[in-house]
1. Quick test of your reading of the structure: residue 59 fulfils all but one of (1) in a loop (DSSP other than H, G, I, E, B); (2) under 25 Å from residue 345 (Cα atoms); (3) modelled with pLDDT of 95 or more; (4) out of contact with any helix residue (DSSP H, G or I) (no Cβ under 7 Å at 6 or more places or on another chain). Name the failing condition by number.
2. Of the residues 327, 277, only one is hydrophobic (A, V, I, L, M, F, W, C), part of a strand (DSSP E or B) and away from ligand 2 (no atom under 16 Å from the Cβ); which?
3. Could you list all residues from region 335-359 that are polar (S, T, N, Q) and either crowded, with 16+ Cβ neighbours inside 10 Å or more than 23 Å from the chain's Cα centre (by Cα) (or both)?
4. Out of the residues in region 6-25 that are under 19 Å from residue 339 (Cβ atoms) and of a type in the set (Asp, Glu), which is farthest from the chain's Cα centre (by Cα)?
5. How about region 58-74: which of its residues are among the hydrophobic types (A, V, I, L, M, F, W, C), more than 10 Å from residue 210 (Cβ to Cβ) and in contact (Cβ under 8 Å) with a residue 60 or more places away in the chain?
6. Quick check on region 105-126. Is at least one of its residues polar (S, T, N, Q), under 14 Å from residue 219 (Cβ atoms) and in a strand (DSSP E or B)?
7. Exactly one condition in (1) of a type in the set (Ser, Thr, Tyr); (2) within 20 Å of the chain's Cα centre (by Cα); (3) part of a loop (DSSP other than H, G, I, E, B) is false for residue 100; which is it?
8. Could you say whether any residue in region 208-216 is assigned to a strand (DSSP E or B), surrounded by fewer than 22 Cβ atoms within 10 Å (Cβ to Cβ) and either away from ligand 1 (no atom under 11 Å from the Cβ) or at pLDDT 95 or above (or both)?
Amino acid sequence: MHKYNVAILRTEFDEDYRWWEKVCRLRQNKLNFQIVDLSRSDWFEQIEAGRFDGLLAIPPGLTSALKTMYDERLAIIHRTFDIPIYPSIEEVQVYENKKYLAYWLKANKIPHPATHVFYHDKDAYEFLSQSEFPVVGKMSVGASGKGVVILRNEEAAKRYVANLFAGKGGGRVTGPNWRKKGLLTRAVKKLLKPRFIMDRLRHYRLERSELQRDFVIFQEFIPHQFEWRCVRIGESFFAHKKMVKGEKASGALLKNYDNPPLELLDFVKDVTDRVGFHSLSVDLFVDTQGNYLINEMQCIFGQSDPYQMLVNGEPGRYRYADGRWVFEAGDYNQYLSFLLRIDHFIQILNQNHHESLLI
Ligand SMILES: Nc1ncnc2c1ncn2[C@@H]1O[C@H](COP(=O)(O)OP(=O)(O)O)[C@@H](O)[C@H]1O
Ligand SMILES: [Mg+2]
């Protein structure tokens, strides 16, 4: 059995790489792993020296600056070294970049809520003067609903545009603003400095630092009670509902584990097969005519329960075999589904290895 040499491409701003680390440990009989910090300046040398068989990515979704750093470096790695990257470079590119995703969905003729990105405020105002309301305004980097506003009338929408183009930019509403807390808090913080708190603080500071300016994203408002959260990892498919709380389904963590309709799985399989996306979540709305509209595609996504789907109350996965969907009961989402991902990746590496032996 060939043992692969892989790298986990972490950044300094995201602890989630530890999930890759955990599942790599569990598969130590199949791979050796190293951790490379892609946010350091010697990233290229590290990759070059490592002579890796494959790379495990975990793109940061906190700010667009960090995401751009990751995308740029990963793109160069992809062009330079002929090795599999997991999730794929394109799956990473559409992640946490709502404007890029909108272009990409349109270019690939995938049904989605009509989305307009304006870099000229005049065009944005012009658009609003002809729009029906509500219109949805979105920040390009998502954050559990924090960057999404439902604009009920032209007045509110114009103000939104004016803010984004005023040079100040628009931010998002986020965790505790420690700058506003008193000296006492600061003193206590310095004395205790528990790592966890410092990490949270840094997280909030970065999150707040994300400002969007000089462009605006508008989206057609789709009335909905829930979003379908579908997951595809290799040939395993899952789906559950994220229920709307207030006016948003994202971030509320209100789940409903109804049996997913098989047409939904057909839709997700068709779309992802066609574009070659094999490791991601797909969030979608059902419009009033019953059409599926893709809202988000995310190669890294949260998981608040030990499973992604229940069918008749039982956790498991769907697999498409011999022309039909087969439900297989079982525990397929261990370690936030990272175990399933690493096994899928090992399968890809095996294929690659096998093909290289044939050449
Ligand atoms: N076009 C839309 N029409 C109506 N509601 C929307 C629309 N887009 C998003 N929402 C609501 O806002 C929530 C957050 O938006 P989303 O695009 O998923 O951003 P994120 O999850 O990255 O914060 C969604 O879960 C949904 O409930
Ligand atoms: Mg969302």
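The values are calculated or read from the model by the stated rules, or taken from the named source; none is laboratory data. A quick note: this is a predicted structure, and the numbers were derived from the prediction, not measured. Don't worry about glycine lacking a Cβ; one is built from the backbone with ideal geometry, like all the others, and counts go over all protein chains shown.
1. Checking residue 59 against (1) in a loop (DSSP other than H, G, I, E, B); (2) under 25 Å from residue 345 (Cα atoms); (3) modelled with pLDDT of 95 or more; (4) out of contact with any helix residue (DSSP H, G or I) (no Cβ under 7 Å at 6 or more places or on another chain), the one that fails is (4).
2. On the way: 277 fails: part of a strand (DSSP E or B).
Matching residue, one of 327, 277: 327.
3. We begin by selecting, within region 335-359, every residue polar (S, T, N, Q); these are 337, 347, 350-352, 356.
The answer is 337, 350, 351, 352, 356.
4. My answer is 21.
5. We begin by selecting, within region 58-74, every residue among the hydrophobic types (A, V, I, L, M, F, W, C); these are 58, 62, 65-66, 69, 74.
Checking which are more than 10 Å from residue 210 (Cβ to Cβ) leaves us with 58, 69, 74.
Scanning region 58-74 gives 58, 74.
6. So in region 105-126, the residues polar (S, T, N, Q) come out as 108, 115.
Narrowing further to those that are under 14 Å from residue 219 (Cβ atoms): 115.
Imposing the further condition that a residue be in a strand (DSSP E or B) reduces the set to 115.
Checking region 105-126: at least one residue is polar (S, T, N, Q), under 14 Å from residue 219 (Cβ atoms) and in a strand (DSSP E or B).
7. The one condition residue 100 does not meet is (3).
8. Quick first cut of region 208-216, residues assigned to a strand (DSSP E or B) only: 212, 216.
From what is left, the residues that are surrounded by fewer than 22 Cβ atoms within 10 Å (Cβ to Cβ) are 212.
Okay, now just the ones that are also either away from ligand 1 (no atom under 11 Å from the Cβ) or at pLDDT 95 or above (or both), so 212.
The answer is yes, given that some residue of region 208-216 is assigned to a strand (DSSP E or B), surrounded by fewer than 22 Cβ atoms within 10 Å (Cβ to Cβ) and either away from ligand 1 (no atom under 11 Å from the Cβ) or at pLDDT 95 or above (or both).
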